[in-house]
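What follows is a single structure, written as structure tokens, with notes after it.
The values are calculated or read from the model by the stated rules, or taken from the named source; none is laboratory data. Everything numeric in this text was worked out from a predicted model, so none of it was measured. FYI the Cβ positions are ideal-geometry reconstructions off the backbone, even for glycines, and counts take in every protein chain you see.
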Amino acid sequence: MKSIFSLFYLIFFISLGSTVIGQKVLDKGSIKMEITKVSAEDPQMAMGLEMMKGSKTEVFFKDDQYVTYMDMMGGMLKMQVHVEKGKNTMNMLMDMMGNKSWIESKLDETQTVQQKEIANQSKIEYDKNDTKEILGYKCYKMTVTNPEMDGMTVTGYVTEDIKTKANLIQGFQSLEFAGYTMEFTVGNPKFSMTMTAIDIKDQIDDSKFSFDTKGYKKMTMAEFQKSMGGMGGFGF
């Protein structure tokens, strides 16, 4: 079971109806993302990915704050990540089958040196002639490659009309894209996973930006990484 959770973290740090609000500039609101497609050559990896299919992540954003709420694998893993860019803070609350952890960290300390180097070498390309409409928003294609990622490629569609720094693509959170990624596929020749926006709202409940740590064990980022088998840092 732990290997399945590890697979989730190694790929990227992520995610009832859809409400289309049309093309409008959003500087606050919420976006619900869902893992919609998965594939893998290796049977064990394919099984793990299939368990993640349908998992959802909801992003709430306003000003320089954003919060991600994730419900993975039928509720076996629940997570919320609270980020305040201006204060350089990150608080992550994770409930893994009843084991609750609270990780408090400086935002600029959530990535390892290796991850920062990988991000610095990443190449982002845009093709505004390749467009797609997602939930009423016109998006254009983005491709991210990196020579250090062993064939790993990220392709996606971004819109400039949603104003948030939230980035759900594990390993690339320190990158700033031209717009919010409404759909993206992470993969290499052996596997691929696609996450797509399925719902957008232009109203938010401010209580989403608060969190209760009662019942959670407080840990440092280093302690958390060690408990998860040294899977590396996280970027937000």
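Is it the case that region 114-129 has a residue that's more than 18 Å from the chain's Cα centre (by Cα), at pLDDT 85 or above, surrounded by fewer than 13 Cβ atoms within 10 Å (Cβ to Cβ) and within 25 Å of residue 73 (Cβ to Cβ)? Talk me through it step by step, then tell me what you get.
Going through region 114-129, the residues more than 18 Å from the chain's Cα centre (by Cα) turn out to be 114, 117, 120-121, 123, 125-129.
The next check asks that each one be at pLDDT 85 or above; those that pass are 123, 125-129.
Among the residues that remain, those that are also surrounded by fewer than 13 Cβ atoms within 10 Å (Cβ to Cβ) are: 123, 125, 127-129.
Then drop every residue that is not within 25 Å of residue 73 (Cβ to Cβ), which leaves none.
No, region 114-129 contains no residue that is more than 18 Å from the chain's Cα centre (by Cα), at pLDDT 85 or above, surrounded by fewer than 13 Cβ atoms within 10 Å (Cβ to Cβ) and within 25 Å of residue 73 (Cβ to Cβ).
As an exercise: evaluate residue 16 against (1) modelled with pLDDT of 75 or more; (2) closer than 17 Å to residue 196 by Cβ; (3) of a type in the set (A, V, I, L, M); (4) out of contact with any helix residue (DSSP H, G or I) (no Cβ under 6 Å at 6 or more places or on another chain) and give the number of the one condition it does not meet.
It fails just one condition, (1).
Name the pairs whose Cβ atoms lie under 6 Å apart, with the first residue in region 45-74 and closer than 19 Å to residue 97 by Cβ and assigned to a strand (DSSP E or B), the second among the polar types (S, T, N, Q) and at pLDDT below 90, and 6 or more positions between them or separate chains?
Pairs that qualify, where the first residue is closer than 19 Å to residue 97 by Cβ and assigned to a strand (DSSP E or B) and the partner is among the polar types (S, T, N, Q) and at pLDDT below 90, are 56/15; 57/15; 70/15; 72/55.
List the strands (runs of 3 or more DSSP E) that sit entirely inside region 92-193 and contain at least 2 residues that are under 23 Å from residue 28 (Cβ atoms).
Numbers: elements: 99-106, 123-134, 137-145, 153-159, 180-188.
Here the list reads 123-134, 137-145, 153-159, 180-188.
Go through region 136-160 and report how many residues are more than 19 Å from the chain's Cα centre (by Cα) and not hydroxyl-bearing (Ser, Thr, Tyr).
In the first step, residues of region 136-160 are kept if they are more than 19 Å from the chain's Cα centre (by Cα); the result is 136-138, 140, 147-148, 150-151.
Filter again for not hydroxyl-bearing (Ser, Thr, Tyr), leaving 136, 138, 147-148, 150-151.
Residues that pass the stated criteria total 6.
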